[in-house]
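Here is the structure we will look at, set down as structure tokens.
Coordinate-derived values only; no laboratory data. None of the values given here were measured: they were computed from a predicted structure. No Cβ is skipped: glycine too gets one built from the backbone with ideal geometry, and neighbour counts run over all protein chains shown.
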């Protein structure tokens, strides 16, 4: 897949996501848009989800927990032209709790409930197919933009750098700094404190 440089833009709005969900032709596509927006996880992590990765929280039945396998494509050079994947052994799985009352959660849950076998992948599509689905629903966006939107929303709500790092599955704080520096509400919060 070619690398496409896209000019930065503001995060998506709920209305834009609602429009994409409404335009989706099948339940799978609605669920894909929903989970991309709700979690902000990488498309590779979402496409690896299985039925057993989505569970009802035993302590709070109105909440589900989605367990993602971290899929960041970092590579480490060990010899000339020999690379090995780098994973974070401290975070083998990334768990995100989501309340059932969140917008678009019903579309995701409805799709997940179609599967009963625990090891069956929920989205049996490639990254390229997921890209094409998103582009067909909104030509001005792409799968990773949902990640930008979710993390921007969390920063606007006052999430700290370590909280953003945990949510996004980053191994350091540098990426969080980009989102925190954009957050106007953070600036207002600190201005009011002085």
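Between residue 160 and residue 109, take the C-beta separation as r, use R0 = 25 Å, and let me know the FRET efficiency to the nearest 0.05. It would help to have the intermediate numbers written out before the result.
Numbers: r = 30 Å, r/R0 = 1.18.
Taking R0 as 25 Å, the efficiency between residue 160 and residue 109 is 0.25.
Cβ-Cβ distance of residue 62 and residue 120, R₀ of 35 Å, FRET efficiency by 1/(1 + (r/R0)^6): the value works out to about 0.90.
Shape verdict for segment 88-152, please, from the Cα gyration tensor: rounded (a/c under 1.5), prolate (a/b greater than b/c) or oblate.
On the way: a/c = 1.32, a/b = 1.18, b/c = 1.12.
Judged from the Cα gyration tensor, segment 88-152 comes out rounded (a/c under 1.5).
The gain in end-to-end length when the residue 174 to residue 14 segment is fully stretched comes to 54.9 nm, 0.36 nm per residue minus the alpha carbon separation.
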